[in-house]
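The values are calculated or read from the model by the stated rules, or taken from the named source; none is laboratory data. Here the structure is a predicted model, which means the values were calculated and not measured. Positions of Cβ are backbone-derived with ideal geometry, glycine not excepted, and every protein chain shown enters the neighbour counts.
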Amino acid sequence: MSSSAEQLPLSLLITFFTEANKRLQEEKEASLKEEWSEEQEKTIEALLNGIVEKAKQQASYTGADVNETSLREAGFAQGGESEELCSLVTKFFEVRPMAKSQSKKVSKRVEKMQKEREKSKEKEKQQQQKLEEAKKISFQEDTSLPEAKHIKIRDVGPQYEGQRVMIYGWCHRIRVQGKGLLFITLRDGTGLLQTVLSGVLCQTYEALTLHLESSVMIKGTLKADPRAPMGFELQADFWKLIGTSPESLPFNEEVKDPVILLDQRHLILRGEYTSAILKIRSAVLQSFREHYYSRGYTEITPPTLVQTQVEGGSTLFKFDYFGEDAFLTQSSQLYLETVIPALGDSFCIAQSYRAEKSDTPRHLSEFTHVEAERPFISFEDLLNTLEDLVCDVTERVWAKCKDLVLKVNPDAQKLKDCLKRPFKRMTYADCIQFCRDNQVYKDEETKELFEFGDDITDAPERKMLEKIGEPVLMIKFPANMKAFYMKRCEDDNSLTESVDLLLPGVGEVIGGSMRLESFDTLMEGYKKEGISAEPYYWYSDQRKYGTCPHGGYGLGLERYMLWLLREEDEEKRRVKTVRQTCLYPRYMGRCRP
């Protein structure tokens, strides 16, 4: 039998079969015929399928294989514990009998399982006796030992070798070796440390019932050991259980279902790779700030509750703000533009929101937006600024956490090496022509070619980049494809001084442009878009009180992270979507926990 069905709780099996039998009985009472009709046979089939589906849902955290046969076996086998269940299963399957050959196989399996269950019960009884004996064992801290110094695992090193230290943490791994040794890999958020409990320390009730994710305090002496994770081992002389943990986690390493992984993300975060991603994210955020401060920018904290739009009304999250309409911000660009006359080059790192119904690896409804605006620059300055930003930040991230990045993405060195300045520059028209010349289709099925004016969507964009093989600054988009506040090209009024930075494997990571300088042109833009200029008076005033050439951009932090951590081999790839690069992702269909 598949072990999975046996893992289903007894109470759950009883509930399933009780519900099924109740509905079967109702069908029987509603029928005046002795024989079941074809329609009622379908009802039985539906009931059984319903039970199997419910069981699958409950067993999915274990990566279990649940089917009709495994449910039969589980029901009959656990009948030894519950006559009620045995009776319910018997009644239900009387209506749906098995073939004789199948019945014999099931009977043999059930008999084998019942014997195994008896052995298990005997073993459990012996274990219980052992635990009762362990409750009598205790130990005290040796007060004659030197006082233990409280340190973090990250501080472990030669300076503490041979010294007595105290470390708090969680049990990341546990391995029992014989009766006298217990190995615990301790995790405290700063690293992993192998600890060894010996003698009476591993014979107490707390030691015998210690489970993964229990929190503990351990005191002992640090010894150098090249086999250990950090080259050191903590040989315990005293320990204390702080917080207990259940015997098993509600999932296992075999689970691949993204929904289950996100439902259990609060526990998944404790894993080595997910925690590494969050540490890298922290280093990335720090690197962006360091970049801006080193270039003389001022950081601002703009509001996220707004009454204006930047990227179009269809992607706004609308809500009631004390009787007025308000929105979650799509971008802080407008606010950044208002501060540059006071602060010069300015940036912000804040949350932005898009109500896009996009279920793709690179879209989120809430994301971290890195935005900046600069006064008195040219379009060429803006392009150079983007190159400098991405190259410098990547170098800083590499210096801070190269080993972590390579742990998550062994191919990261190749990505870093491809950031060679100057980046390849292609106009929108160049990209359309490239797609037409290189079998990058608007529609793969129909082989429809791109035309000037078409939006190069996610999949074709990535395919185009795959063929180009390096970062691309895609510039000069048609005005009718971009926001009205973008400056027009001097040599062609139908095009804008706009740019998207495209990175291989991900696509667009940055979008930016030079902004309109003329008050009158801005007013015309409002009118064409059907937008009232009145709510934007504070933004429009920037053109009345000393306008200047200026430009800016916005970078999606999660997309940058996806580019950095996305391994080439799809099967080996650990980071597949932007959802894995943030704490608790928000996207269409998920706004929890």
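For segment 122-220, list the strands (runs of 3 or more DSSP E) that sit wholly inside it and hold at least 1 residues that are farther than 20 Å from Asp237 by Cβ and not basic (Lys, Arg); which are they?
Numbers: elements: 164-177, 181-187, 192-198.
Hits in segment 122-220: 164-177, 192-198.
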Query raised in the report: Would you call Glu571 surrounded by fewer than 14 Cβ atoms within 10 Å (Cβ to Cβ) and farther than 19 Å from Ser332 by Cα?
Result: yes
**Report entry** Among (1) buried (at least 18 other Cβ atoms within 10 Å of the Cβ); (2) among the hydrophobic types (A, V, I, L, M, F, W, C); (3) at pLDDT below 95; (4) outside the structural domain of Lys576 (by the TED database) - the single one Met230 does not satisfy
**Finding:** (1)
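Quick check, is Gln309 over 23 Å from Pro585 (Cβ atoms), crowded, with 19+ Cβ neighbours inside 10 Å and either charged (D, E, K, R) or at pLDDT below 95 (or both)? So that I can check it myself, show each step before the final result.
Values: over 23 Å from Pro585 (Cβ atoms): yes; crowded, with 19+ Cβ neighbours inside 10 Å: yes; either charged (D, E, K, R) or at pLDDT below 95 (or both): yes.
Against the criterion (over 23 Å from Pro585 (Cβ atoms), crowded, with 19+ Cβ neighbours inside 10 Å and either charged (D, E, K, R) or at pLDDT below 95 (or both)), Gln309 qualifies.
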Report summary line: Filter segment 516-545 for residues that are in contact (Cβ under 8 Å) with a residue 24 or more places away in the chain, assigned to a helix (DSSP H, G or I) and among the hydroxyl-bearing types (Ser, Thr, Tyr); the one that is farthest from Glu337 (Cα to Cα) is Tyr526
Query raised in the report: Taking segment 479-507, which residues are of a type outside the set (A, V, I, L, M), modelled with pLDDT of 95 or more and closer than 30 Å to Leu564 by Cα?
Result: Thr496, Glu497, Ser498, Asp500
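Look at Leu364 and say whether it is touching a residue at least 40 places away in the same chain (Cβ under 8 Å), over 21 Å from Glu290 (Cβ atoms), crowded, with 22+ Cβ neighbours inside 10 Å and not polar (S, T, N, Q).
Values: touching a residue at least 40 places away in the same chain (Cβ under 8 Å): yes; over 21 Å from Glu290 (Cβ atoms): yes; crowded, with 22+ Cβ neighbours inside 10 Å: yes; not polar (S, T, N, Q): yes.
Considered against the rule, which asks whether it is touching a residue at least 40 places away in the same chain (Cβ under 8 Å), over 21 Å from Glu290 (Cβ atoms), crowded, with 22+ Cβ neighbours inside 10 Å and not polar (S, T, N, Q), Leu364 comes out as yes.
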Report task. Inspect segment 267-287 for any residue being without any contact (Cβ under 8 Å) to a residue 40 or more places away in the chain, buried (at least 18 other Cβ atoms within 10 Å of the Cβ) and under 28 Å from the mean Cα position of the chain (by Cα) and give the result as yes or no. Result -> yes
Query - Matching residues, segment 341-353, being in contact with a Ser or Thr (Cβ under 6 Å, 6 or more places away or on another chain) and either aliphatic (A, V, I, L, M) or outside any strand (DSSP E or B) (or both) - result: Leu343, Ala350
Query raised in the report: Got a number for residues in segment 419-468 being touching a residue at least 40 places away in the same chain (Cβ under 8 Å), of a type in the set (Phe, Trp, Tyr) and part of a helix (DSSP H, G or I)?
Result: 1
Query raised in the report: Is it true that Val284 is in contact with a helix residue (DSSP H, G or I) (Cβ under 7 Å, 6 or more places away or on another chain) and assigned to a loop (DSSP other than H, G, I, E, B)?
Result: no
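Looking only at segment 385-394, decide whether some residue is of a type in the set (Val, Ile, Thr) and farther than 16 Å from Arg559 by Cα. First the steps, then the outcome.
Filtering segment 385-394 down to residues of a type in the set (Val, Ile, Thr) leaves 385, 390, 393-394.
From the residues that got through so far, the ones that are farther than 16 Å from Arg559 by Cα too are 385.
Scanning segment 385-394 turns up at least one residue that is of a type in the set (Val, Ile, Thr) and farther than 16 Å from Arg559 by Cα.
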Report task. Select from segment 288-303 the residues that are touching a Phe, Trp or Tyr at 6+ places or on another chain (Cβ under 8 Å) and of a type in the set (Ser, Thr, Tyr) and write down the one among them that is surrounded by the fewest Cβ atoms within 10 Å (Cβ to Cβ). Result -> Thr298
**Report entry** Residue that is nearest to Val509 (Cα to Cα), among those in segment 332-351 that are surrounded by fewer than 23 Cβ atoms within 10 Å (Cβ to Cβ) and among the polar types (S, T, N, Q)
**Finding:** Gln351
Query raised in the report: If the Cβ limit is 6 Å and pairs must be 6+ apart or interchain, which residue in segment 119-140 that is within 19 Å of Leu210 (Cβ to Cβ) pairs with which residue that is of a type outside the set (A, V, I, L, M) and in a loop (DSSP other than H, G, I, E, B)?
Result: Ala134/Thr204; Ile137/Gln203; Ile137/Thr204
Query raised in the report: Residues of segment 288-305 being within 20 Å of Ser513 (Cβ to Cβ) and either among the hydroxyl-bearing types (Ser, Thr, Tyr) or free of Cβ contacts under 8 Å to residues at least 40 places away in the same chain (or both), which ones?
Result: Tyr292, Tyr297
**Report entry** Selected residue (criterion: surrounded by the most Cβ atoms within 10 Å (Cβ to Cβ)) from residues of segment 141-175 that are among the small types (Gly, Ala, Ser) and closer than 27 Å to Leu208 by Cβ
**Finding:** Gly169
Report summary line: Filter segment 464-497 for residues that are touching a strand residue (DSSP E or B) at 6+ places or on another chain (Cβ under 9 Å) and acidic (Asp, Glu); the one that is surrounded by the fewest Cβ atoms within 10 Å (Cβ to Cβ) is Glu470
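Got a sec? Which of Leu212, Leu241 is more than 30 Å from Thr577 (Cβ to Cβ) and surrounded by 15 or more Cβ atoms within 10 Å (Cβ to Cβ)? Show your work before the answer.
Working: Leu212 fails: more than 30 Å from Thr577 (Cβ to Cβ).
Within the list Leu212, Leu241, the selection yields Leu241.
Rundown of residues vs (1) farther than 17 Å from Thr581 by Cβ; (2) out of contact with any His (no Cβ under 7 Å at 6 or more places or on another chain); (3) at pLDDT 95 or above; (4) hydroxyl-bearing (Ser, Thr, Tyr), yes/no style:
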position: Gln333; (1), (2), (3), (4): yes, yes, yes, no
position: Cys348; (1), (2), (3), (4): yes, yes, yes, no
position: Phe367; (1), (2), (3), (4): no, yes, yes, no
position: Glu373; (1), (2), (3), (4): yes, no, yes, no
position: Phe379; (1), (2), (3), (4): yes, yes, yes, no
position: Glu387; (1), (2), (3), (4): yes, yes, yes, no
position: Glu395; (1), (2), (3), (4): yes, yes, yes, no
position: Lys400; (1), (2), (3), (4): no, yes, yes, no
